[in-house]
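Visitor: This is the structure, below, for whatever I ask next.
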Amino acid sequence: MAFWLFMLISALLLPATMLVFGRLFQTRPPQEINNLYGYRTARSMQSADAWRFAHACCGRLWVRCGAIASAATILVFALLLGRGVQTIGFVGGGLVWLQTLLLAATFLPVERRLKQTFDENGIRREGSV
C-alpha cells in the first residue's frame, strides 16, 4: 500500500504542475518577455502581445489537460489497488510517460494558434482577436 501511495503521488505531480502553472499563466502571466520563466518559444517571444496571447492559450490548455490527466491517473490507480509492486511500478511509469507526451503535445496547438494570430514579426494579423 505504501508503494501504491508513493506512485500515486508521483504520478500526480505532472498533472498538478499543469493545473497550477496553467492557472498561473491565465491569471498572472510573466509580465516581461524573459528566458527563465513562462511559455518560451521563438514565436511567443516575438512581441509582448504574442507573449500574453501564448500564456493565455497555454494556460487554458494546461488546465484542461491537467484536469483530465489527474482524473485519469486517479482512476488508473484505483484499478491498481491491491496489485503487486511490479505491476504498480510498470503501469505508473507508463502513465508518467503518457503524461509527459501530453504535456509536449500541448505545444502544437499553442504554436498553431500563435502562427494563425501573429505574423512572422509578432504583429497581430488583420481580423485576429
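Visitor: Is it the case that G92 is outside any loop (DSSP other than H, G, I, E, B), within 30 Å of I9 (Cβ to Cβ) and not basic (K, R)?
Guide: yes
Visitor: If you don't mind, another one. Identify all residues within region 107-128 that are surrounded by fewer than 18 Cβ atoms within 10 Å (Cβ to Cβ), assigned to a helix (DSSP H, G or I) and over 17 Å from the mean Cα position of the chain (by Cα); write none if there are none.
Guide: Scanning region 107-128 gives K115, Q116.
Visitor: Can you pull out the residues in region 14-58 that are among the β-branched types (V, I, T) and outside any helix (DSSP H, G or I)?
Guide: I33, T41 - these are the residues of region 14-58 that are among the β-branched types (V, I, T) and outside any helix (DSSP H, G or I).
Visitor: Looking at region 1-25, I want the residues that are under 10 Å from V63 (Cα atoms) and have a partner that is among the β-branched types (V, I, T) and at pLDDT 95 or above with Cβ atoms under 7 Å, at least 6 apart or on another chain. Which pairs are those?
Guide: These pairs meet every condition: P15/T73; L19/V63; G22/V63; R23/V63.
Visitor: Now for a separate question. For region 34-66, how many residues are of a type in the set (G, A, S) and either touching a residue at least 40 places away in the same chain (Cβ under 8 Å) or surrounded by 22 or more Cβ atoms within 10 Å (Cβ to Cβ) (or both)?
Guide: Matching residues across region 34-66 total 6.
Visitor: Tell me which residues, restricted to region 1-33, are surrounded by fewer than 18 Cβ atoms within 10 Å (Cβ to Cβ), over 20 Å from A72 (Cα atoms) and of a type outside the set (V, I, T).
Guide: A2, L24, Q26, R28, P30, Q31, E32, listed by residue number.
The values are calculated or read from the model by the stated rules, or taken from the named source; none is laboratory data. Everything numeric in this text was worked out from a predicted model, so none of it was measured. Positions of Cβ are generated from backbone atoms using ideal geometry, with glycine treated the same way; all protein chains shown enter the neighbour counts.
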